[in-house]
Amino acid sequence: QSALTQPPSASGSPGQSVTIPCTGTSSDVGGYNFVSWYQHHPGKAPKLMIYEVSKRPSGVPDRFSGSKSGNTASLTVSGLQAEDEADYYCSSYADSRWVFGGGTKLTVL
Amino acid sequence: QVQLVESGGGVVQPGKSLRLSCAASGFTFGSNAMHWVRQAPGRGLEWVAFISYEGSIKYYADSVKGRFAISRDNSKNTLYLQVNSLRAEDTAVYYCAKDLSTHYSCDYWGQGTLVTVSS
């Protein structure tokens, strides 16, 4: 069982928006503003999409945004595109360790 | 550009050991902390270990504490993971990742090396 809880799947049509939640506890998500989101296409290297809850690394489209409320962080992908289809993982720093969610498979219909 | 290339994986019997390596290039390796993260077949990502830029600070997941050891050689731009007393549940793709300094994230990842523990 993963430390952070994500839905196993999410989907949306091209152009739509989808939000993926990530629920933790006050010891991880709720206790630190160090939530990250990673995109992972199977067989490839994971890619950092969001760090520190809502910051985007250079080169990540602004269609990707992050937020947090209490013990739950969220990744929103707006204007869905076919290449957004991938697995998405949240992660949080938690006092000398890092924890990941179980991953959400995003399908673009 | 940043490149991380893992090696050292393979098929190993339960109880045996392996040393994984991660060759880094395209950035100042000795100025950056590093991580190992793994993914078991059909499972999600699991953080394994962290090492500070100079190697003095090391953190481990509870699942590997006492069996795995992270280290680095900044003169060779290489990160290591010594994996001992291997169990079937250690079967996974092992990724090395560069730490995004002070931001508690991993900004670059390698392609991974597969470790299969089987008799």
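Nothing in this text is a laboratory measurement; each read-out follows from the coordinates by a stated rule. What you are looking at is a predicted structure, and each value in this text was computed from that prediction instead of being measured. Reconstructed Cβ throughout: ideal geometry from the backbone, glycine too, with neighbour counts over all protein chains shown.
Quick one: putting +1 on the C-beta of Lys and Arg, -1 on the C-beta of Asp and Glu, what dipole do you get for region B:67-119 around its Cα centre, in Debye to the nearest 20?
120
Evaluate E = 1/(1 + (r/R0)^6) for B:R43 and B:K76, where r is the Cβ-Cβ distance and R0 equals 35 Å; express this FRET efficiency to the nearest 0.05.
Efficiency at R0 = 35 Å is approximately 0.65.
Below 8 Å, C-alpha to C-alpha, sequence gap of six or more: please give me the relative contact order for chain A in percent.
Value for chain A: 39 percent.
In debye, nearest 20, what is the charge dipole magnitude of chain B about its Cα centre with +1 on Lys and Arg Cβ and -1 on Asp and Glu Cβ, if you could check?
On the way: 11 positive and 9 negative charges, 56 e Å.
For chain B, the charge dipole is close to 280 debye.
Between B:K58 and A:S58, what is the FRET efficiency for a Förster distance of 30 Å, r being their Cβ-Cβ separation, to the nearest 0.05?
Calculated value: 0.55.
Mind listing the lone cysteines of chain B, meaning no other Cys beta-carbon sits under 4.7 Å from theirs?
Cys with no partner Cβ under 4.7 Å: B:C106.
Can you give the FRET efficiency to the nearest 0.05 for B:E89 and A:H41, using r as the Cβ-Cβ distance and R₀ = 25 Å?
0.50
Counting other Cβ atoms within 10 Å of each Cβ, which trypsin sites (Lys or Arg not before Pro) in region B:33-119 have at most 15 and sit in a DSSP loop?
Filter output for region B:33-119: B:R43, B:K65, B:R67, B:K76, B:R87.
Taking loop as defined by DSSP and a crowding limit of 14 other beta carbons within 10 Å, which GluC sites (Glu not before Pro) in region B:5-108 fit?
B:E54
Using +1 at the C-beta of Lys and Arg and -1 at the C-beta of Asp and Glu, which of B:A88, B:H35, B:A69 has the Cα lying farthest in the positive direction of the dipole of chain B?
Working it through, the farthest residue towards the positive pole turns out to be B:A88.
Which ³J(HN,Hα) values in Hz, rounded to whole numbers, follow from the phi angles of region B:68-75 under the Karplus curve 6.51 cos²θ - 1.76 cosθ + 1.60, where θ = phi - 60° and Gly and Pro get x?
3J(HN,Hα) across region B:68-75, in whole Hz: 10, 9, 9, 8, 8, 10, 5, 6.
Mind scanning A:K55/B:K58; A:K105/B:K58; A:K44/B:K76; A:K68/A:K105; A:K68/B:K58 and naming the pairs with a C-alpha gap bigger than 23 Å?
Result: A:K55/B:K58; A:K105/B:K58; A:K44/B:K76; A:K68/B:K58 exceed 23 Å.
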